[in-house]
1. Using Cα-Cα distances under 8 Å and only pairs 6 or more residues apart, what relative contact order does the chain have, in percent?
2. Before rounding to the nearest 500, sum -39500 (n - 2.57) across all DSSP H runs of length at least 4 in the chain and divide by the residue total; then give [θ] at 222 nm in deg cm²/dmol.
3. Please sort 19-30, 268-279 by packing, taking for each peptide the average over its residues of neighbouring beta carbons within 10 angstrom, highest first.
4. Treating each Cα of the stretch 2-199 as an identical point scatterer and ignoring solvent, apply the Debye formula and state log10 I(q)/I(0) at q = 0.11, 0.13, 0.18 Å⁻¹.
5. Give me the distance between the Cα centres of the stretch 83-150 and the stretch 276-296, rounded to whole Å.
6. Using DSSP, restrict attention to beta bridges with both residues in the chain and report what percent are antiparallel, rounded to the nearest 5.
7. Based on the mean of other beta carbon atoms within 10 Å per residue, what is the order of 3-10, 283-290, 191-198, most packed first?
8. Looking at the stretch 1-159, what % of its DSSP beta bridges pair antiparallel, to the nearest 5?
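Computed from the coordinates by the stated procedures, all read-outs in this text should not be read as laboratory data. Model, not experiment: these values are computed from the prediction. Because the Cβ atoms are built from the backbone with ideal geometry, glycine has one as well, and the counts that use them run over all protein chains shown.
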Amino acid sequence: MEATVERIRDTVSRVKENVGRVIVGKDGVVELAIVALLCEGHILFEDVPGLGKTVLAKSLARSLGCTFRRIQCTPDLLPSDITGTYIFNQKTSEFEFRPGPIMSQVVLADEINRATPRTQSALLEAMQERQVTTEGETRPLPRPFLVMATQNPIELEGTFPLPEAQLDRFLFKLQLGYPTEEEDRLILARFRADEPLEALTPVVPAEELLAMQKECRRVHVAADVEDYIIRLIHASRRHPEVELGASPRAMLALYHAAQALAAVRGRSFVTPDDVKYLLTPVLVHRIIPKSESRLRGHRAEQLIREIADSVAVPVEEIGSPKES
């Protein structure tokens, strides 16, 4: 297993380096995006426009040799515009299925909260079951499969908030944030005359990524760390200012994401620090503060910090399983 995780770490380093030729100064976000790919999760970006979310999705797809499609969500977007529809072929006098953009390996759903709830629900089956059903026929989606959705936290007019069931399908909720002055200088220098995205070539085949997904599930999680994850989840449900705590799906998301993060960092075992590092991106969109708590200005991020502080971290040394 040690040799396997070292290979995963080296492979991920090549992907991060390749993406870093386009995305400046966002190594942590890029790492979490790769973690999401390795544990077959999806990402919700809540950020203002123009920070590079589309470029990040395209860079990941090109680095992995994956197909990429973009969905611009608008109020008049129909579910069939996402999943696909049947078109009558006059030459053959038969109806033929024309696949929608969801039938790609990396899908960017831009401004997802501008789509109507009916259209948003078209993504639910795809994100959870990795399949779409049209006209009573079920079609599997290509693997690997990653949905990266964006929403603008500033403009709320003409938007439809994502329901809890939809939010729970996202592994992470992330923010890119504004670059620093030095990063802006690097962006100007890099994009002044060329478009580095066009020069990106695959560094890892998609087939190897699928093998890495299976290997990440073999990363050891000690009993103390499993118990730590369970206690964090239950603490979110008992917190006096939380109306809706983390679900069992959130617990599994935290568990598998910690396995993938450990492998990405070259370890064959999960540490409590891995779990604590991932707690906010995994739970921030899943727990709902009570209304009186929101009125006092208490955000989900603050409540998650309180939850993390309320649960004792395992003090025993957590290592790889001993050979019998």
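1. Taking the mean separation of contacting Cα pairs over the length of the chain, I get 23 percent.
2. Details: 13 runs with 146 residues, N = 324.
The helix contribution divided over the chain gives -13500 deg cm²/dmol.
3. Numbers: 19-30: 18.8, 268-279: 20.8.
In descending order of packing, they fall as 268-279, 19-30.
4. Scattering profile of the stretch 2-199, log10 relative to I(0): -0.56, -0.76, -1.27.
5. Computed from Cα coordinates, the inter-centre distance equals 31 Å.
6. Values: 12 of 29 bridges.
Beta bridges within the chain, antiparallel portion: roughly 40 percent.
7. On the way: 3-10: 15.9, 283-290: 20.1, 191-198: 10.5.
Going by the mean number of other Cβ atoms within 10 Å, highest first, we get 283-290, 3-10, 191-198.
8. On the way: 10 of 23 bridges.
Bridges in the stretch 1-159 that DSSP calls antiparallel: roughly 45 percent.
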